[in-house]
Structures are given as C-alpha cells and as structure tokens.
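**Q** Quick one: structure below, then a few questions.
The values are calculated or read from the model by the stated rules, or taken from the named source; none is laboratory data. Only a predicted model underlies this, so the values are computations on that prediction, with no experimental measurement involved. Note: ideal-geometry Cβ built from the backbone for every residue, glycine included; neighbour counts use all protein chains shown. Heads up: the accessible areas ignore ligands, DNA and RNA and are worked out on the full protein's heavy atoms, side chains in. Shrake-Rupley method; radii C 1.70, N 1.55, O 1.52, S 1.80 Å.
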Amino acid sequence: MDLRLFMLQRLTAAVLGPLVLVHLGLILHAVRGGLTAQEILARTQDNAWWMAFYGLFVVAAAVHAGIGVRNVLLEWLRLPRRLGDALGLLFGAALLVLGVRAVVAVGGAWA
Amino acid sequence: MNEVERTVPATEEGRSLTVRIWRGAQDGEFVSYAVPWRANQTVLDVVTEIQRRIEPALAYRFSCRVGVCGSCAMTVNGKPRWTCRSHVGHVHEDGVLTLEPLRNLPRIKDLVVDMSGFFDKWQQAGGRFSGTATRHDPPAAVDPYSRKRRLADAAIECINCGVCHAACDVVAWKPDYLGPAALNRAWTLVNDERHAGARDTLKRALADGGCCACHTQGGCMAHCPLGLSPTGSIAGLKRLALLEFFKGGR
Ligand code: SF4
Ligand code: SF4
Ligand code: FES
C-alpha cells in the first residue's frame, strides 16, 4: 500500500512539474488582450486541448494532494491509519470534483 | 519539573561544569551536578565521574570508550551523539551539558533506553544474513570493485548505535517506521551477492513502514558519527522500489 501510494505520488509529481510550467504560461497567454471573464472565456471555451490539459492536471493534482494530505494526517496528527486513508481520499475526491467542475465551466462548450 | 542541585566536592581552577542529567524513566526530572572543568574530557568521562563521585545509582551504558561499540549514545544538548567521542569543549553550551537518553526509544532508567525495539526492526527489515555456501565450499570471490560491492561497502560500517534512529523525525512520528539504521542494513544485504535472502530483504524494506516513509531530510546522515548516509541507502532502496513497481511485482 505505502509503496504504491509512494510511487503514485512520485509519478503524479513528475506529471505535474511540466504541467505547472505550461499552466503558468497559459495564464499569461489567457490574460493577454483583456482581463474580463468574457474575453478569457472566449479563448478557453470549446477548446479540446485546453480540456485535455486541465483534465489531466486536475486528476494528477487530486491524486498527488490526496496522498500528501494522508501522509500529513498520519505522521503529524498521528491519526489512525483508516481515518487518515479516508480523509485523504475524501480530500482528493473533493479536489477532483471541484477541479472537474472548473474545467468544464471554463473549457466546456457551454456555460 | 523541579531541579535538584548536587555539587561536587572540588573544582579545578575554580571553574566548574554544570551537568543536567535526566533521572528516572518515562517520568523523571533533570538533576543538576557540578563537576570540575578539565581541559581534556569527553562527555562520557563526565558521566563516569558523576557516577563514581556523586551519584552511584546513575545508570548509563558504555563499553569500549573509543567509538567502536556504539553503546554510549545519548542526547547531549538536544543532539544524539556518542558520548565517548564528544569532547566537552566542543559540545557544552555556556558551561552547561544537558544529558538525556536517546530519543525514540523507551526509557528504562536515567540515560539507559530499551534498544530491543530498535534491534527488532533490523530483523523486520530483513537484516539477517543467510549464506548460500557451506563450510565445505571455497570462500566466495567477491570483486571489491564491483558496483554492488561498492554500494554495500559505503554503508557497511554501521555499528548499531541508534544515533540515526534517534535523529529521525519520521521514526518519532510513525512508530512502525523501520528507521534509517535498519534500512541501511537492508541496503547492504540487498547488495551482498553472498546473501541468499536478497529478494526477501528487499520485499521487507519496501513494505509498509519501510523505505517509502522516509522524507529524505537527512537527519540520520547529519548525525551518524561514522559519517554514513542511511539517507543515501534509503534512496537506493527507493530506486529499486521504482523498478519493482514497473515490473508490476507489487
Ligand atoms: S533521511 Fe529518512 S531515515 Fe534519515 S532522518 Fe530523514 S526521514 Fe529519517
Ligand atoms: S548508521 Fe551510523 S548512526 Fe545509524 S546506527 Fe549505524 S553507526 Fe549509528
Ligand atoms: S563507549 Fe563504545 S562507542 Fe562509545
């Protein structure tokens, strides 16, 4: 269990590294030429690349952060293992839901 | 915690060293002793002087007095060290030494901890060597320059003193973490071509509570009196973990 989570966290970190850089670049790109919601959405909506990119981003971040929070809870707060597992999972799931909602709202073809 | 002051009869050149020593087990208190300041003395010398001259009931461990056996480790002014290799002049803080038992192990009495959990973890980590040859076979011809042997050699000098175990925060947080010394031992065996149980050792080192729990902060490495790097050994185990993971072994 520990080994698998450890590896998952390392792998998602490796995925997140380049994604964060591209993400920073995208922010610069997205705010160029007007900062209103309308203008930004015009550039992001109905864009499959954008969706795929941030879809992967959200999944990787949710997995990575969920495992991290679990470790913090187990090691620093010394929660029982099951409870730490459950809360970490809950945290990851919450991030996933929020993230996917945001991706769909900003990048989807509607909204 | 009320501190008791016990003073020694004589001091040399009027200067004295204040030594605060933990007395008791899990529950206890610091007791202060004043002993003569001497130009050349180790922390272990000071403890011995206090035990011989002031406090015969003081419990502590030592054997070789020269950094070979690893039994004299204690917490000196907050850091784990071998007391026999710690010169008072290098470790005192304004003429005060505060001595406690090693961290992360149950306290038995005064400066003595119960090391059995520490040694049990060596076994749990697969730290027992099992040979492939019998006494009738010729000695194994191990190439000292082979990659594996050099990796093992870099970590082999450990004398089980427990200093790194006491220095590791993850051991403090996670009682089931095997700790730097046991994992360092496992690493030497995984790289020992004569060891019959290398697979088993690796499996144990990668299991829950094993190498994946290490934060790579290097507390163990910073404190090991031999300058070994359990951090590096554990990083080696993690690399093997990656290979195992992709091989789909687990
Ligand atoms: S590097 Fe790992 S084993 Fe060493 S002190 Fe840090 S967490 Fe503990
Ligand atoms: S690795 Fe160093 S500090 Fe740790 S038990 Fe061995 S000799 Fe002591
Ligand atoms: S007494 Fe043996 S190492 Fe200190």
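**Q** May I ask you to list the residues in the range B:160-171 that are over 25 Å from A:Asp2 (Cα atoms) and either open to solvent by 40 Å² or more (accessible area, probe 1.4 Å) or in contact with a His (Cβ under 6 Å, 6 or more places away or on another chain) (or both)?
**A** Passing the criteria: B:Asn160, B:Val163.
**Q** For the range B:219-249, which residues satisfy the criterion of being outside any helix (DSSP H, G or I) and surrounded by 18 or more Cβ atoms within 10 Å (Cβ to Cβ)?
**A** Kept after step one, since they are outside any helix (DSSP H, G or I), are these residues of the range B:219-249: B:224-229, B:247-249.
Selection gives B:Cys224, B:Pro225, B:Leu228, B:Ser229.
Yes/no matrix, rows are residues, columns are (1) open to solvent by less than 10 Å² (accessible area, probe 1.4 Å); (2) closer than 22 Å to B:Leu243 by Cβ:
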| position | (1), (2) |
| --- | --- |
| B:Trp173 | no, no |
| B:Arg185 | no, yes |
| B:Val190 | no, yes |
| B:Ala196 | no, yes |
| B:Lys203 | no, yes |
| B:Leu206 | yes, yes |
| B:Gly210 | yes, yes |
| B:Gln217 | no, no |
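**Q** Quick test for you: out of B:Val68, B:Val76, B:Val35, B:Val31, pick the one residue that is closer than 19 Å to B:Leu102 by Cα, among the aliphatic types (A, V, I, L, M) and in contact with a helix residue (DSSP H, G or I) (Cβ under 8 Å, 6 or more places away or on another chain).
**A** Details: B:Val68 fails: in contact with a helix residue (DSSP H, G or I) (Cβ under 8 Å, 6 or more places away or on another chain); B:Val35 fails: closer than 19 Å to B:Leu102 by Cα; B:Val31 fails: in contact with a helix residue (DSSP H, G or I) (Cβ under 8 Å, 6 or more places away or on another chain).
Only one candidate qualifies: B:Val76.
**Q** Pull up the range B:159-185, narrow it to residues that are within 14 Å of chain A (Cβ to nearest Cβ) and assigned to a helix (DSSP H, G or I), then point me to the one that is farthest from ligand 3 (Cβ to nearest atom).
**A** This residue is B:Trp173.
**Q** Okay, next question. Looking at (1) open to solvent by 50 Å² or more (accessible area, probe 1.4 Å); (2) under 14 Å from the mean Cα position of the chain (by Cα), which one does A:Trp76 not meet, given that it meets all the others?
**A** Here A:Trp76 clears every test but (2).
**Q** Now for a different question. In the set A:Val59, A:Val22, A:Val15, A:Val72, which member is out of contact with any Cys (no Cβ under 6 Å at 6 or more places or on another chain) and within 14 Å of another protein chain (Cβ to nearest Cβ)?
**A** On the way: A:Val59 fails: within 14 Å of another protein chain (Cβ to nearest Cβ); A:Val22 fails: within 14 Å of another protein chain (Cβ to nearest Cβ); A:Val15 fails: within 14 Å of another protein chain (Cβ to nearest Cβ).
Exactly one of A:Val59, A:Val22, A:Val15, A:Val72 is out of contact with any Cys (no Cβ under 6 Å at 6 or more places or on another chain) and within 14 Å of another protein chain (Cβ to nearest Cβ), namely A:Val72.
**Q** Report yes if B:Glu5 is at pLDDT 95 or above and charged (D, E, K, R), otherwise no. Lay out the reasoning, then the answer.
**A** Numbers: at pLDDT 95 or above: no; charged (D, E, K, R): yes.
Against the criterion (at pLDDT 95 or above and charged (D, E, K, R)), B:Glu5 does not qualify.
**Q** Evaluate the following for A:Phe6: is it surrounded by 12 or more Cβ atoms within 10 Å (Cβ to Cβ), modelled with pLDDT under 95 and within 30 Å of B:Asp176 (Cβ to Cβ)?
**A** Values: surrounded by 12 or more Cβ atoms within 10 Å (Cβ to Cβ): yes; modelled with pLDDT under 95: yes; within 30 Å of B:Asp176 (Cβ to Cβ): yes.
In short, yes.
**Q** Those residues that are away from chain A (no Cβ under 14 Å), of a type outside the set (Asp, Glu) and more than 16 Å from ligand 1 (Cβ to nearest atom), I need them from the range B:191-235; list them, please.
**A** Listed by number, the residues that qualify are B:Asn191, B:Arg194, B:His195, B:Ala196, B:Gly197, B:Ala198, B:Arg199, B:Thr201.
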